[in-house]
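Novice: Please find one structure pasted underneath; my questions will follow.
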Amino acid sequence: MLDDHTNSDQEAEKDEIVTELSADDRHLLDIIQQLLEPCDRITYGERQREVAAKLGKSVRTVRRLVKKWEEEGLAALQTTARADKGKHRIDTDWQQFIIKTYKEGNKGSKRITPQQVAIRVQARAAELGQKKYPSYRTVYRVLQPIIEQQEQKAGVRSRGWHGSRLSVKTRDGKDLSVEYSNHVWQCDHTRVDLLLVDQHGELLGRPWLTTVVDTYSRCIIGINLGFDAPSSQVVALALRHAILPKQYGSEYGLHEQWGTYGKPEHFYTDGGKDFRSNHLQQIGVQLGFVCHLRDRPSEGGIVERPFGTFNTDFFSNMPGYTGSNVQERPEQAEKEACLTLRELEHKFVRYIVDKYNQRPDARLGDQTRYQRWEAGLIASPNVISEEELRICLMKQTRRSIYRGGYLQFENLTYRGENLAGYAGESVVLRYDPKDITTVLVYRQKGNKEEFLARAFAQELETEQLSLDEAKASSRKIRQAGKMISNRSMLAEVRDRETFLTQKKTKKERQKSEQAVVQKAKKPLPVEAEEIDVASIDGETQYQMPEVFDYEQMREDYGF
């Protein structure tokens, strides 16, 4: 906003909607939102005192802040604007060069984007031997008034796409202009229309799919596939997968790399309970991004549209597909279901990496989604360590440490170094449901969790066992009447591949036998004297002879 020179302008400014908060204001917003969560009076009083201590203010001042927030909303957090806000603190020559390059590049049939202008600025700086030059963001700020003026002349009136830019509206009235990759991520869930089985062939049901999408490139950044219903912990697992660099083994059969990683500046979702949770807000504060809720359901097309593509392009070709309409569900869906969650995850990851992300989006031109994500980065994303993302792991409370440093989880016995000294204490476990052979052990200490040690499932150190597989193995062993132990669990894990191979062979043999039966229904050239003919209720009944020359049938009919 340019400097105000009249009192009338200053009065008008008070009526404007706050569209951007500073880092300090966002921190204050997060703290106030904690006080707005429902709780009893005692807990609310404790929270007020904690907030007052964090802000270095009295409890009475905190109460006034909350009251002002309830009355004025975001305007209550608005700080006084800088006197030089809106002015470009760059050399006049650079400003003229940026504007001239953009206007010359868009004359007639020629087209140039702000990003391409930024590249020319960088090249010009190299020619002049200057190490300091305007960044892409500065270039865009200089050109923004010109772009908006052009859009107004063109009659662009709706929020959403503005030329080559996209804007999404938040519930608190803010317009997020999506300018580059990893700027705004979106997240949502869907129930997959596919029936899965456990490693023993028992029907489990339909899994849930959570996806994280980069708004700028429409690239799938991360996923979580499992049987857990949507929750803040499921969202956190999908975020963790999106943020970390992704490495996959040869068993996935990938031809491309899933090269997306980093963290967003904004996390944009619907208003579901899982997205409004305090847990997700804590993750945002710790990792440094801001959570926003959609203004209306129609704003979620970017993250919801891929679910339809996944159904028609991938899931509908898998055995056990149910379709989205329950009334039109294929009759053979339950019988054909044969994929485990691990098998589906392998196939779906390959589909995302080798196909979906490698195709161009119709709205984005001829660049593939991954190419656009890569080209849209304004800097190489910082790699966040797994230790920093422990807050995103699943959490299981109320576990006790036994003598010798042992503990139990999902019928498995774990042991960790230095845990023997905490025998009898209650601890918190964090784990990745894709592999629970290793868990992280924490001790609750006030409002914080203190890391104690890693604990390893005994006799399963070299194996990989998911949470769903552990539960299925427990059911199988329990049905067999055996006592569940790590040794019996290990036997189940090692029998898994053998079972799946046998199951696949059995399926192929059944299909072959069905084909033989279908061909056998064709009229056969059997002699009349070899057929017994009888009449029952006026209808002629034929009884085929008990002995056939099968070798001759194979030769005649190609069986």
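The values are calculated or read from the model by the stated rules, or taken from the named source; none is laboratory data. Worth saying up front: this structure is predicted, and the values here are computed from it rather than measured. Reconstructed Cβ throughout: ideal geometry from the backbone, glycine too, with neighbour counts over all protein chains shown. These area figures cover heavy atoms from the full protein model, side chains too; ligands, DNA and RNA do not enter into them. Shrake-Rupley method; radii C 1.70, N 1.55, O 1.52, S 1.80 Å.
Novice: Are any of the residues in segment 331-342 under 19 Å from L203 (Cα atoms), in contact with a helix residue (DSSP H, G or I) (Cβ under 7 Å, 6 or more places away or on another chain) and open to solvent by less than 10 Å² (accessible area, probe 1.4 Å)?
Specialist: no
Novice: State which residue is surrounded by the most Cβ atoms within 10 Å (Cβ to Cβ) when the search covers only segment 26-82 and only residues that are at pLDDT below 70, assigned to a loop (DSSP other than H, G, I, E, B) and within 34 Å of the chain's Cα centre (by Cα).
Specialist: Ranking the candidates gives Q78 first.
Novice: Under the condition of being more than 22 Å from L166 (Cβ to Cβ) and among the small types (G, A, S), which residue from segment 217-236 is surrounded by the fewest Cβ atoms within 10 Å (Cβ to Cβ)?
Specialist: Out of the qualifying residues, it is A229.
Novice: Additional query: Which numbered condition trips up E386, out of (1) assigned to a loop (DSSP other than H, G, I, E, B); (2) modelled with pLDDT of 90 or more; (3) more than 19 Å from T215 (Cβ to Cβ)?
Specialist: Just one mismatch for E386, condition (2).
Novice: Ok, one more. How many residues, within segment 173-195, are farther than 19 Å from D274 by Cβ, out of contact with any Asp or Glu (no Cβ under 8 Å at 6 or more places or on another chain) and not small (G, A, S)?
Specialist: Total meeting the criteria: 7.
Novice: Which one is surrounded by the most Cβ atoms within 10 Å (Cβ to Cβ) among residues in segment 285-307 that are assigned to a helix (DSSP H, G or I) and modelled with pLDDT under 90? Don't jump to the end; show me each part of the working.
Specialist: First pass over segment 285-307, keeping only residues assigned to a helix (DSSP H, G or I): 285-287, 297-307.
Okay, now just the ones that are also modelled with pLDDT under 90, so 285-287, 297-301.
Details: V285: 15, Q286: 12, L287: 17, P297: 10, S298: 10, E299: 20, G300: 17, G301: 11.
Residue satisfying both the conditions and the ranking: E299.
Novice: Please verify whether segment 237-251 includes one or more residues that are under 21 Å from E179 (Cα atoms), open to solvent by 30 Å² or more (accessible area, probe 1.4 Å) and not aliphatic (A, V, I, L, M).
Specialist: no
Novice: Considering only strands (runs of 3 or more DSSP E) fully contained in segment 418-479, which possess at least 3 residues that are open to solvent by 30 Å² or more (accessible area, probe 1.4 Å)? Walk me through it before giving the result.
Specialist: On the way: elements: 426-432, 435-445, 448-457.
In segment 418-479, the matching strands (runs of 3 or more DSSP E) lie at 435-445, 448-457.
Novice: Would you list the helices (runs of 4 or more DSSP H) that sit entirely within segment 312-377 and hold 1 or more residues that are in contact with a His (Cβ under 9 Å, 6 or more places away or on another chain)? Spell out the reasoning first.
Specialist: Values: elements: 333-336, 341-351, 369-375.
Here the list reads 341-351.
Novice: Scan (1) modelled with pLDDT under 80; (2) open to solvent by less than 70 Å² (accessible area, probe 1.4 Å) for the single condition R494 breaks and write down its number.
Specialist: That leaves (2) as the condition not met.
Novice: Further question: Sort out which residues of segment 213-232 are small (G, A, S) and either free of Cβ contacts under 8 Å to residues at least 12 places away in the same chain or more than 24 Å from K471 (Cβ to Cβ) (or both), and write them in order of number. Spell out how you get there, then give the answer.
Specialist: Residues of segment 213-232 that are small (G, A, S), as a first pass: 217, 222, 226, 229, 231-232.
Within segment 213-232, S217, G222 meet the criteria.
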